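The values are calculated or read from the model by the stated rules, or taken from the named source; none is laboratory data. From a predicted model like this one, the values you see are computed outputs, not experimental measurements. In this analysis, Cβ positions are derived from the backbone assuming ideal geometry, glycine residues included, and neighbour counts consider all displayed protein chains.
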Amino acid sequence: MVSCSSEGSITISDVIEYLFCPRFTYFMHCLGIPQREGRLFKVQKGRALHESKEKTNVGYLRKRYGVTDKLTGVYLSSKKYWIRGIMDEVLFLDDGSAAPLDYKFAKYHNRVFKTHKYQSALYGLMIAEHFNRPVYRGYLCYTRSGNKIVELPFNEKLFQQTENVIQNIFHIIQKEQFPEITGNKKRCIDCCYKRICPQ
Ligand code: SF4
């Protein structure tokens, strides 16, 4: 089904990179050009931070959001969406639903970025598939704003948009189609591909 280097499925990191810029998908999967150290370092730093935060907030989450149980560092592999990866936390709520909790090594600026919405919704789709529970919302924890937790309601439109993102990624990989330049050209400034990417 899938050509290039994806071995049949893609990772959550692939989706995050696509959301940063769709050309990352092309450079990594179709041309086999890995990212340089700089950006990877940021990701790893974020991951290390996630690990240190995973054990926090249990009582707080229970009281404030009705969390009855949670799993940390959860590896999921979706047969439906052909995606695999580890998510920070899966929360189980007292209304019978489940929800992702994702730590962001960032400050909260009174709005949730579109890329973070899609990422959280992707986790929601994978959780619903794996645990066979409804998923109505996701949570984002902004570690550079005092671990502020923001609730993100999910709806059908957001889930559909997220599925479209996944389809677009596979389309680039399968058709080896060079995507349009990112809409946010500020991202090109310190992009690891800027020397080889026509802008
Ligand atoms: S230089 Fe800009 S358009 Fe090219 S891959 Fe990087 S972010 Fe995307």
Do any residues in segment 175-199 that are of a type in the set (Phe, Trp, Tyr) have Cβ atoms under 7 Å from those of residues that are near the ligand (Cβ under 9 Å from one of its atoms), where the two are at least six apart or on different chains, and which pairs are they?
PHE178/TYR26; TYR193/ARG23; TYR193/PHE27
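Consider TYR123 carefully, then state whether it is out of contact with any helix residue (DSSP H, G or I) (no Cβ under 7 Å at 6 or more places or on another chain) and loosely packed, with under 13 Cβ neighbours inside 10 Å. Spell out how you get there, then give the answer.
Values: out of contact with any helix residue (DSSP H, G or I) (no Cβ under 7 Å at 6 or more places or on another chain): yes; loosely packed, with under 13 Cβ neighbours inside 10 Å: no.
No.
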Being more than 16 Å from ASN110 (Cβ to Cβ) and at pLDDT below 95 is the filter; apply it to segment 140-166 and report the residue that is surrounded by the most Cβ atoms within 10 Å (Cβ to Cβ).
THR143
Looking at (1) modelled with pLDDT of 90 or more; (2) of a type in the set (A, V, I, L, M); (3) more than 16 Å from the ligand (Cβ to nearest atom), find the lone condition where LEU31 falls short.
(3)
Can you find even one residue in segment 12-20 that is modelled with pLDDT of 70 or more and not in a helix (DSSP H, G or I)?
no
Out of all the residues in segment 55-71, which are surrounded by fewer than 19 Cβ atoms within 10 Å (Cβ to Cβ) and either among the small types (Gly, Ala, Ser) or modelled with pLDDT of 90 or more (or both)?
GLY59, GLY66, THR68, ASP69, LEU71
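Test LEU101 against the stated conditions and say whether it is within 17 Å of the chain's Cα centre (by Cα) and under 23 Å from LEU19 (Cα atoms). If you could, list the steps in order and put the result at the bottom.
Details: within 17 Å of the chain's Cα centre (by Cα): yes; under 23 Å from LEU19 (Cα atoms): yes.
Yes, satisfied.
In segment 182-199, how many residues are under 11 Å from PRO22 (Cα atoms) and surrounded by 15 or more Cβ atoms within 10 Å (Cβ to Cβ)?
Kept after step one, since they are under 11 Å from PRO22 (Cα atoms), are these residues of segment 182-199: 182-183.
Among the residues that remain, those that are also surrounded by 15 or more Cβ atoms within 10 Å (Cβ to Cβ) are: 182.
The number of residues fulfilling the criteria is 1.
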Which one is nearest to the chain's Cα centre (by Cα), of the residues in segment 126-139 that are crowded, with 21+ Cβ neighbours inside 10 Å and under 16 Å from LYS79 (Cα atoms)?
MET126
Provide a single number: the residues in segment 156-175 that are more than 16 Å from the ligand (Cβ to nearest atom) and either among the hydroxyl-bearing types (Ser, Thr, Tyr) or in contact with a Phe, Trp or Tyr (Cβ under 9 Å, 6 or more places away or on another chain) (or both).
6
With respect to GLY146, determine if the residue is within 16 Å of the ligand (Cβ to nearest atom) and small (Gly, Ala, Ser).
no
